[in-house]
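The values are calculated or read from the model by the stated rules, or taken from the named source; none is laboratory data. Keep in mind it's a predicted model, so treat the numbers as computed, not measured. So basically every Cβ, Gly included, is an ideal-geometry build from the backbone, and we count neighbours across all protein chains shown. Heads up: the accessible areas ignore ligands, DNA and RNA and are worked out on the full protein's heavy atoms, side chains in. Shrake-Rupley method; radii C 1.70, N 1.55, O 1.52, S 1.80 Å.
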Amino acid sequence: GSITNAVYGNFSAPRAQEIIISRGKILELLRPDDESGRIVSVLSWECFGIIQSLSPFRLTGANTDYIVVGSDSGKLLILQYSPEKNRFVEIHNETYGKSGCRRIVPGRYLATDPRGR
């Protein structure tokens, strides 16, 4: 499938430049490989529904970024990448609307503050 969202940040470690993309139901963590000069896939994770929006944010004083995911299931997820487990860990799950791709459900309209407030 085609890429619908792409965000960059430091998800696994401080100063680790990484990209997270979404393709429908798939959330994928990509990292540049210094030896080959290519981008390699670190993790590919299938979600519960169609991902409508992605946004990275960092809490004040933290070294790594979190991912906010808005989906068509009517839920807002805050995920953190765990390098030890090589998976995304769910930090918070909040229901905000009905399920389905509707215009009245604000899953597509996601914004984060650059300072983590």
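Exactly which GluC sites (Glu not before Pro) in the range 36-102 are in a DSSP loop and have at most 14 other Cβ atoms within 10 Å? It would help to have the intermediate numbers written out before the result.
Working: sites: Glu46, Glu84, Glu90, Glu94; in loops: Glu84.
Counting only loop positions with at most 14 other Cβ atoms within 10 Å, the GluC sites (Glu not before Pro) in the range 36-102 are Glu84.
Amide H of Gly74 versus every other amide H placed in the peptide plane: which residues, excluding those fewer than 5 positions away on the same chain, fall under 5 Å?
HN-HN under 5 Å from Gly74: Gly100.
Put +1 on the Cβ of every Lys and Arg and -1 on every Asp and Glu Cβ in the chain; which of Leu30, Pro83, Val69 then has its Cα farthest towards the positive end of the dipole?
Val69
Counting each pair of different Cα atoms once, what's the Kirkwood radius of the chain in Å, rounded to one decimal?
Details: mean 1/r = 0.0682 Å⁻¹.
Result for the chain stands at 14.7 Å.
So, with +1 on the Cβ of K and R and -1 on the Cβ of D and E, and no other charges, what is the size of the charge dipole of the chain about its Cα centre, to the nearest 20 debye? Each step should come with its number before you reach the end.
Working: 15 positive and 12 negative charges, 102 e Å.
Once rounded to the nearest 20, the dipole reads 480 debye.
Could you tell me what % of all Cα pairs in the range 1-59 have separations over 15 Å? Spell out each step's value before the answer.
Working: 864 of 1711 pairs.
For the range 1-59, the fraction of Cα-Cα distances above 15 Å is 50 percent.
Report in % the part of the accessible area of the chain that belongs to carbon and sulfur, leaving out ligands and nucleic acids; probe 1.4 Å.
Details: 3570 of 7350 Å².
Using a 1.4 Å probe with all protein chains present, the chain comes out at 49 percent carbon and sulfur.
Ranked from the most accessible area to the least, with a 1.4 Å probe and all protein chains present, what is the order of Leu29, Leu59?
Working: Leu29 0, Leu59 80 Å².
Ranked list, largest accessible area first: Leu59, Leu29.
Would you work out the relative contact order for the chain, in percent, from Cα pairs under 8 angstrom that are 6 or more residues apart?
Details: 269 pairs, mean separation 23.9, N = 117.
The normalised contact order for the chain reaches 20 percent.
What are the ³J(HN,Hα) values, in whole Hz, obtained from phi via the Karplus relation 6.51 cos²θ - 1.76 cosθ + 1.60 with θ = phi - 60°, for each residue of the range 32-42 in sequence order, with x given for Gly and Pro?
x, 9, 5, 6, 8, x, 10, 9, 10, 7, 8
How far apart, in nm, are two points set 7 Å out from the Cα along the Cα-to-Cβ line at Asp33 and at Ser2?
2.8
Determine the per residue accessible area of the range 28-90 with all protein chains present and a 1.4 angstrom probe, expressed in square angstrom. Each step should come with its number before you reach the end.
On the way: 3350 Å² over 63 residues.
Value returned for the range 28-90: 53 Å² of accessible area per residue.
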